[in-house]
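Enquirer: Submitted below is the structure of interest, expressed as structure tokens.
The values are calculated or read from the model by the stated rules, or taken from the named source; none is laboratory data. Every value quoted in this text rests on a predicted model; they were computed, and no experiment measured them. Positions of Cβ are generated from backbone atoms using ideal geometry, with glycine treated the same way; all protein chains shown enter the neighbour counts.
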């Protein structure tokens with residue numbers, strides 16, 4: 001029986017073999033792929049809405065572009081971090097040190113949860129005070145896209 005990942009005599013952060021004969025790496029990559037996908041959706045949605053808010057094409061009280069850019073930043077961080085982990089594991093056939101994985105995953109999760117919840121809290125203003133009822137179609141679409149992006153970021157976390 002081959003030694004498992006934790007019984008390797010070589011440090012886990014070296015470019016050495018990920019235990020590919022084991023099925024565990026497939027579940028790791030599938031969860032990481034879901035994180036990449038949901039973060040990518042967040043990046044696309046906020047990148048679409050940010051120029052609308054900055055250019056004055058939709059009503060924004062000044063907070064909209066700041067929230068969208070902070071969400072765009074945390075979603076981009078989650079996307080880049082998870083994509084780089086997949087690239088290292090698949091392309092180089094090596095393991096990423098568990099300390100690095102846990103640290104940077106927790107940073108991405110905390111940032112995405114914080115910015116997504118704050119964005120949804122601020123978007124509640126538009127729904128509570130009836131801005132959605134009298135707003136134009138583009139503003140309604142932007143609110144819907146931002147809510148969808150925030151939910152995807154929370155799912156990815």
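Enquirer: Could you tell me whether residue 124 is at pLDDT below 85 and surrounded by 18 or more Cβ atoms within 10 Å (Cβ to Cβ)?
Expert: no
Enquirer: Can you tell me which residue among 144, 99, 111 is more than 15 Å from the chain's Cα centre (by Cα), farther than 25 Å from residue 55 by Cα and at pLDDT 80 or above?
Expert: On inspection, the qualifying residue turns out to be 99.
Enquirer: Report yes if residue 87 is crowded, with 20+ Cβ neighbours inside 10 Å and either part of a helix (DSSP H, G or I) or in contact (Cβ under 8 Å) with a residue 24 or more places away in the chain (or both), otherwise no.
Expert: no
Enquirer: Another question, if that's okay. Of the numbered conditions (1) in contact with a helix residue (DSSP H, G or I) (Cβ under 7 Å, 6 or more places away or on another chain); (2) in a helix (DSSP H, G or I), residue 99 fails exactly one; give the number of that condition.
Expert: Condition (1) is where residue 99 drops out.
Enquirer: Just to be sure before I move on: is residue 74 out of contact with any strand residue (DSSP E or B) (no Cβ under 9 Å at 6 or more places or on another chain), part of a helix (DSSP H, G or I) and without any contact (Cβ under 8 Å) to a residue 24 or more places away in the chain in the structure I sent?
Expert: Judged against the criteria, residue 74 is not a match.
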